[in-house]
Amino acid sequence: TVILLPDKEPNVGKEPRDSNIDKVVSRIKLRRHELKLTQTELAKVANLTPAAISQFESGARKPSFKTLSSLSDALKVTTDYLLGKANKSYDDLLADPKISAMFKGMMEFTEKDKETLYEFYEFLKMKAKQ
């Protein structure tokens, strides 16, 4: 009987590196640098520890959804941006005068107006995919 041994130690108890986590890691770090924040400053604004920020940026630890939300608020981006599903930050969007004017105008909309606008947005999004 021949017993074949693996060339390397099996990946027991370890998760394979996820490319989505790599995006989160790089976007947290990139955005922190764009805002000229230290890890300690970001930690304070996001109500986290500097060690946690360091671990997120090194990929040693994955942020929870709640933590991603705190980080997105502190970094002035959407969670979709951090997850790699969007390519623009809040600042990028608000730098566009048309978008900025729309956001300001929407503050006065009724709930019904907001719902209508959202439905139109969904329609345009679907149309763009075609």
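If you take the residues of the range 82-130 that are aliphatic (A, V, I, L, M) and within 30 Å of Ile53 (Cα to Cα), which of them is surrounded by the fewest Cβ atoms within 10 Å (Cβ to Cβ)?
Per the criteria, the residue is Ala95.
Restricting attention to the range 34-53, which residues are at pLDDT below 95 and either assigned to a helix (DSSP H, G or I) or not assigned by TED's automatic domain parsing to the domain that holds Asp73 (or both)?
Glu34
Taking Phe56 as meeting all but one of (1) at pLDDT 85 or above; (2) more than 18 Å from Asn20 (Cβ to Cβ); (3) aromatic (Phe, Trp, Tyr), write down the number of the exception.
Only one criterion is unmet by Phe56, namely (2).
Collect the residues in the range 65-112 that are modelled with pLDDT under 80 and polar (S, T, N, Q), keeping them in residue-number order.
Asn87, Ser89, Ser100
Residues that are exposed (fewer than 11 other Cβ atoms within 10 Å of the Cβ) and among the charged types (D, E, K, R): does the range 42-64 have at least one?
Checked the range 42-64: no residue is exposed (fewer than 11 other Cβ atoms within 10 Å of the Cβ) and among the charged types (D, E, K, R).
Considering only residues of the range 61-120 that are small (Gly, Ala, Ser) and in a helix (DSSP H, G or I), which is farthest from Leu30 (Cα to Cα)?
Gly105
The values are calculated or read from the model by the stated rules, or taken from the named source; none is laboratory data. Predicted model, so just to flag it, every value in this text is computed and none were measured. When we count neighbours, we look across all protein chains shown, and the Cβ atoms used for this are built from the backbone with ideal geometry, even at glycine.
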